[in-house]
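Below you will find the structure I want to go over with you.
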Amino acid sequence: MYLQVLFGCALVGFFRGVGATMIGRREFFTVISGAALATAAPRISSGQEYRPFAWPHGERAAVSLTYDDGLDSQLEYAVPALDRLGWKATFFLTEENMEKQVDRWRAVAREGHEIGDHTLHHHCRLAGYSTKRFVREEIAPTERFLNAYFGVRRRTFAYPCGTIELGAGGQREGEERYIDALRPVFTAARAADGDPNDPRLVGRQRYQLQAIAPTYDRDDPQLAIDYLRKALGWGRWAILIFHDVVPTRLGDGDTSVTSHDRILGWIAQTPLWCAPMGEVFSHLTGSVQ
Ligand SMILES: [Zn+2]
């Protein structure tokens, strides 16, 4: 346990080549294709080899475990699993889901887990919103609630449903409109698709950090493991998204306790720095949490 605390998630580990896995695409969560799981390090535009980034404690890459929606099963199963390993994660709360359990969530925060913002109502369809209306109806009330119970600070945000466009019109305008709503309040925001994040680009992409929900479609730890191998191979920052963590998967989005344990167990054997999203972001950008 001492070593785990000292080195975050990492123990002396191993690294194997990346397997190719093909998976489907769902409405909300786009996940990387098997073709994208190549082992070869990416090249920067000049054609030079990609140089490894220096991670804390001599680790080779980073992972943030994030849990969405403030679900009771996360208190029952995910938090104890993290506690057993001495790891800290990020919980993106929606006020409506967690307000009855606020004392338990406050205890989770006191343990050192990060509490992030996931809006008031978790709306997925946002074409009818202006920046101003979204801030007024979804962000401001949630921040007031979180500030009251978890202390005043700049938090991280997770886009509900992975929807990154706000209002009507073109995609770029919609994304800019959403980022305009987030920028004054949050340090960074997590979207729901894409490769592990390049540490050199995180500052520029802070309001669209890439992540996957590896068990959303299938209760199988392999996609998470392939994704984490890719982060290790490239020296990047992986962000994993989970929802309910339950003894038996009942439907899309659920992760069985068995799969969750296998993913955490795999991480424990690798040189991955495991830390909450805000902490990794702060480390990479020099910003104060
Ligand atoms: Zn959500």
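The values are calculated or read from the model by the stated rules, or taken from the named source; none is laboratory data. Owing to the predicted nature of the structure, the values given are computational and were not obtained by experimental measurement. Here the Cβ positions follow ideal geometry from the backbone for every residue, glycine too, while neighbour counts run over all protein chains shown.
For the stretch 66-85, indicate whether the set of residues that are at pLDDT below 80 and closer than 17 Å to THR215 by Cβ is non-empty.
The answer is no, given that none of the residues of the stretch 66-85 is at pLDDT below 80 and closer than 17 Å to THR215 by Cβ.
Restricting attention to the stretch 234-249, which residues are small (Gly, Ala, Ser) and either surrounded by fewer than 22 Cβ atoms within 10 Å (Cβ to Cβ) or within 16 Å of the ligand (Cβ to nearest atom) (or both)?
Result: GLY235, single match.
Filter the stretch 53-101 for residues that are more than 17 Å from ALA158 (Cβ to Cβ), among the charged types (D, E, K, R) and within 16 Å of the ligand (Cβ to nearest atom) and give the result.
Correct list: ASP72, GLU99.
Hey, another quick one. Could you list, in sequence order, all residues of the stretch 109-135 that are more than 13 Å from the ligand (Cβ to nearest atom) and either touching a helix residue (DSSP H, G or I) at 6+ places or on another chain (Cβ under 6 Å) or among the small types (Gly, Ala, Ser) (or both)?
Result: ALA109, GLY112, GLU114, ILE115, ALA127, GLY128, SER130, THR131, PHE134, VAL135.
May I pose another question? Quick one: TRP273 ticks every box in (1) out of contact with any Phe, Trp or Tyr (no Cβ under 7 Å at 6 or more places or on another chain); (2) over 24 Å from HIS118 (Cα atoms); (3) not in a helix (DSSP H, G or I) except a single one, so which number is it?
If we test TRP273 against (1) out of contact with any Phe, Trp or Tyr (no Cβ under 7 Å at 6 or more places or on another chain); (2) over 24 Å from HIS118 (Cα atoms); (3) not in a helix (DSSP H, G or I), just (1) comes out false.
Report whether or not ASP252 is within 16 Å of the ligand (Cβ to nearest atom) and modelled with pLDDT under 95.
Yes; evaluated as a whole, the condition is true for this residue.
For the stretch 191-202, state whether one or more residues are modelled with pLDDT under 95, of a type in the set (Lys, Arg), under 23 Å from ARG60 (Cα atoms) and more than 11 Å from the chain's Cα centre (by Cα).
Yes: one or more hits.
Further, regarding this structure: From the set of residues in the stretch 168-190 that are within 18 Å of the chain's Cα centre (by Cα) and part of a helix (DSSP H, G or I), which is surrounded by the fewest Cβ atoms within 10 Å (Cβ to Cβ)?
Out of the qualifying residues, it is ILE179.
Also, quick follow-up: Determine which member of the set ARG200, ARG229 is in a loop (DSSP other than H, G, I, E, B) and either closer than 28 Å to LEU264 by Cβ or away from the ligand (no atom under 16 Å from the Cβ) (or both).
Being in a loop (DSSP other than H, G, I, E, B) and either closer than 28 Å to LEU264 by Cβ or away from the ligand (no atom under 16 Å from the Cβ) (or both) holds for just one of ARG200, ARG229, which is ARG200.
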